[in-house]
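Note sheet for the following structure.
Each value in this text was obtained by applying a stated rule to the coordinates, not by laboratory testing. As the structure is a prediction and not an experimental result, all values here were calculated from the model. Positions of Cβ are generated from backbone atoms using ideal geometry, with glycine treated the same way; all protein chains shown enter the neighbour counts.
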Amino acid sequence: MVATDELSAPTQLEGLWATGSAVLALGQDENGGDAIALWQISGGGKPTGAWVERQEQAFGDRETARRLLTCIERRALTAADLGTVDEALTKLTTAAGVDRGGRNWWDTHVFSLTEAFAELVGRRGSFEQTVAQTKESGRSVAALEWSRDFPTDNLPSTLTELRELARLGVPAGAPAVAEVLTIANVLRWVVELWGETEQVKGRRRYILEKHGPVEALPPSWQAALTSAGVNRLAL
């Protein structure tokens, strides 16, 4: 008989989410004008707010810039290319008249989609190693089973590669909107896979004891949320 070492009450991810994140894109709107698209994403990966503004207005009007900054302050930030975050927030912060204090206030709020996915794959690998070590100690334990397996080499390095790995289509819409929707869809996919991964701790006590309590999100993403959550802008 294979031991499952199940806990009496499976550990749940519910309730561990922080305020949420925000994704940014710079590109064209439906009329072909240069625009900034900004989406708020819940901790569970669901879109909760959306804004699209012409760059001329966003980066040239104080009130518009301040309004957009209020939508992303205290949130973890990401984009298809993290350089987009630096470019957009430098311009928004300047237009809003916010004192940067000689630094980029958002530096520790930013996380990478591909890094978060790599952390997910790494976490699964560490769990599998723990299972193998437990077997070597003489205990009879079952191998871990995932809805999908991912190789540890040749991990995706771009949003496009990650989207294709997730088997997600390209959303309809203007380029800027399609990009933020793609990011949002990928983030939700990562959240779902991460939840599947961490729930193992609720079924196998020896994994919980070795790796610690359930974590709501990949470490780099969670670190960005934690940092952003205590940084309120003077708006």
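Some points to look at:
- Within straight-line cross-link reach of LYS135, lysines at Cα separation under 16 Å, skipping those fewer than 8 residues along the same chain: LYS210
- Most mobile of THR94, THR197, THR134 in a GNM of the chain (Cα contacts under 10 Å): THR134
- Residue (of ALA142, ALA95, VAL110) at the positive-pole extreme of segment 93-193, dipole from beta-carbon charges: ALA142
- For ALA50, distant residues with modelled amide H under 5 Å away: GLN40
- About the Cα centre, charge dipole magnitude for segment 18-168 (Lys/Arg +1, Asp/Glu -1 at Cβ), debye: 580 debye
- Screening the chain for DSSP H helices whose Cα atoms reach 18 Å or more along their own axis and whose mean Kyte hydropathy is at least 0.5 gives 175-198.
- Charge tally around TRP221: other residues with Cβ under 9 Å, Lys/Arg +1 each, Asp/Glu -1 each, net -2.
- Placing unit charges on the Cβ atoms only, positive for Lys and Arg and negative for Asp and Glu, gives segment 117-200 a dipole magnitude near 120 debye about its Cα centre.
- When you filter the GluC sites (Glu not before Pro) in segment 95-156 for DSSP loop state and at most 12 other Cβ atoms inside 10 Å of their Cβ, you are left with GLU145.
- Inverting the pair-averaged 1/r between distinct Cα atoms of segment 13-163 gives 18.0 Å as its Kirkwood hydrodynamic radius.
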